[in-house]
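What follows is calculated from the coordinates using simple rules that are stated; it is not laboratory data. All figures in this text were calculated on a predicted structure; none of them were measured in a lab. Don't worry about glycine lacking a Cβ; one is built from the backbone with ideal geometry, like all the others, and counts go over all protein chains shown.
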Amino acid sequence: MKRELVLLAGTTETKRTLTNQLQSIFGELVRIKSYATEESLPVSLSNQLVVYSSYLIKEEVKNVVQQSCKVIIANRTINYEFIDQLLSVAEGTDVLYVNDFLETAHDSIRTLKALGINHVTYTPYHPGDPIPSHINVAITPGELALVPSHIDQKINLGVRLIDIHTIFKIVDYFELPDSISTELADRYTKEIIDLTKKLSNASQKASTLNRYLMRVVDGVNDGILAVNSVGHITVFNEILERLTGLSHEFAVGKTLNAAFKNVELIRFLTKKDIEAKEYFTIKHSPYMVHRFYIKSEKTVVATFKNIDETLDMEKARRSDLQKKGYVSKYTFDHILGKSKVMKETKKIAFQLAKTEAPILIYGENGTGKELFAHAIHQASSRINSPFVAINCSALSEDLLESELFGYEEGAFTGAKKGGKKGVFEQSDGGTIFLDEIGDISIKLQARLLRVLQEMEIRRIGGDKNIPINVRVLVATNKNLVKMIEVGEFREDLYHRIKVLYLKVPPLRERIEDIPLLISAFLEQLSSTDSVPTLETYLYPLFQKHQWKGNIRELKNVLQYMVAVSGGVPLTEEHLPTDFQIEKCIGKKQDDQLTSAMQFVLSSILELHHEGTGISRKKIVEWTKENGEALSEQQVRTIMRKLAELGFIVIQRGRGGTELTTKALDYMKIKEEDTLHLKV
Ligand SMILES: Nc1ncnc2c1ncn2[C@@H]1O[C@H](COP(=O)(O)OP(=O)(O)OP(=O)(O)O)[C@@H](O)[C@H]1O
């Protein structure tokens, strides 16, 4: 049967552009039918893949799209092709962002800013808003007709296109060949690279001194001072405030004599050579002061680095580095799981591995995020280059900074000759994995953002930028969007690292994988030839447990049980205490279901997820494979009992049998995941 998808868009223009985009991607493979709500809609759509151009049309099409349809709401991204025009608008210009919906205008402005296109000031506008007469430039994603008539310069950014994630979802839905995903990923990466080039050209044109100072001030945990051509202090940061006991308000505008007592230091700071560094004792601590003169701006900039702190940092860093391996150890084969959601996650990860863009791996603790990072590196073109994993929450800010960026020779007394490379340099050509990215300080977020924008780093105490070629993978279990809202995470960094996104599911959403994981881990845990076994009646309990610590917790529980069992099969006696309590509570609620009944419910759920069709015979086979073989007669009896208890409804004839809401509640499964289970 020919594959077909229906695209539902709001306007004719969007419909036309997105249809062209999808057509150019899928060619002959998928037939595309499209409708715009402003034109006419079909009477009813059923049993089909339907792609919405945006969540905004949901309401308008709800009577047309029947429940049997698979709906994908498209994520949209700006059309990179048109960005040049926007970049050529002069810095600081007020620009009206015109769109038919205010939410979309806000969304798009956010995307533009996150991509670093923030040299202009955006004002969102949609029909009905008061017309801002002072603004003379407008940009719009294809809505030229809505631009107020007094505006001279109208830039059409074109309709926003469907993003790569949505395309992958469509590829997945139709189970299209891997070659298509690879080709798509390549094309997408090329677009990102082109954009980055355009951005870096544009930033070269931007004002030099402020940018430069901002970089230095933001990026280094040192005292920062700037003095202008007439000898007045213009920058005096917080570290210097602490060092001198003077406030920034007091120091700025004064001469060096007003801020420092040390005559040698003042003489050093006012020397005319381009660049110099020297040691000074300030408030009983040794400081290395690094001074450089920016000729074009007739300004002296100096950094003050505390040597004691840096040395401690170095010691800790060295011992830490020694412990570290620089190779990836796991491939996708090491990631166990045959549930549908896990298979999908692995498939997407494999596709993303083929690209070059950063990936944000999101998931609860212990779900296997690090494992995925290793596997992505192994499946990428960087396989023969280093893989370095850094846990950002395990290191102090200073240590992490030196770990990532390295330091320069002479940065402090006893510093290694030639300086020391940070992991960004050491993993050149390879992949760097930053775990717990939600825990890095705002200061390091700024530094990391620049690395991602410019693909170059500057060592601590260094003054030259070193180009790097590293793919960055990051992981977190934190809600970064919430962190952005409260100002704890930079939105621009978020959009940089989340160019591609992978969600690793928690264990409780793939309980079908538990039997397989149990047997694999028990095998790993066996010290002799005989592999420990878990009594089968415990399986349902394991499948009902919430596993807040996910796979790591499962591994730990089994390790505990093996340790306390002393070689006999693992029973409830060997469970850790919190499990014992849970079991008692569980018993009270679940009196009515025997473990065999729970087992059959689990089998129905898994067979459904596998999508291979469900029959009594299949259930029998499943129970055999999963440790508690039941006969067909037993399955029939159990199913009758389950029906009597209201866990399944057996319909006569072609209606099949369905799991009820009671069963879904019982298994703590979301209903939308398991609709229409037929037995
Ligand atoms: N699918 C899997 N198959 C086999 N082992 C797994 C799987 N997922 C995780 N593990 C194992 O579980 C443990 C935790 O995995 P990992 O460290 O990758 O999780 P994480 O999500 O990065 O955790 P954290 O958020 O705490 O850093 C590791 O021992 C890992 O080998």
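Highest mean packing comes first when the peptides 53-64, 360-371, 236-247 are listed by Cβ atoms within 10 Å, giving 360-371, 236-247, 53-64. A Förster radius of 51 Å combined with the Cβ-Cβ distance from T661 to N118 puts the calculated FRET efficiency at roughly 0.55.
Counting 0.36 nm for each residue step from L645 to S133 and taking away their Cα separation leaves a gain of 177.3 nm.
Full extension of the segment from L336 to S40, taken as 0.36 nm per residue of separation minus the current Cα-Cα distance, would add 101.8 nm. Fully extending the segment from E249 to I383, taken as 0.36 nm per residue of separation minus the present Cα-Cα distance, adds 43.0 nm.
Basic side chains Lys and Arg get +1 at the Cβ, acidic Asp and Glu get -1 at the Cβ, and with that the dipole of the range 373-527 about its Cα centre reaches some 320 debye. Remark: for residue pairs K420/K443; K443/K503; K369/K555; K254/K443; K369/K548; K329/K421, the C-alpha separation exceeds 18 Å in K420/K443; K443/K503; K254/K443; K329/K421. Indicate the gyration tensor shape class of the range 373-483 (rounded, prolate or oblate), computed on the Cα atoms with a ≥ b ≥ c the square roots of the eigenvalues: a/c under 1.5 is rounded; otherwise a/b larger than b/c is prolate and the rest oblate. It is oblate, given that a/c is not under 1.5 and a/b is not larger than b/c. Amide H of I282: which non-local residues (sequence gap of 5 or more, or other chain) have their own amide H closer than 5 Å, using H built in the peptide plane? The list, which skips near neighbours in sequence, is Y287.
Near the amide H of N365, within less than 5 Å, lie no amide hydrogens of residues on another chain or at least 5 residues away, with H placed in the peptide plane. In order along the range 456-468, the phi-based Karplus estimate (6.51 cos²θ - 1.76 cosθ + 1.60, θ = phi - 60°) of 3J(HN,Hα) comes to 8, 10, 10, 5, 4, x, x, 10, 10, 8, 10, x, 10 Hz; Gly and Pro are listed as x.
Listed from fewest to most Cβ neighbours within 10 Å, the set T661, T637, T19 follows the order T661, T637, T19.
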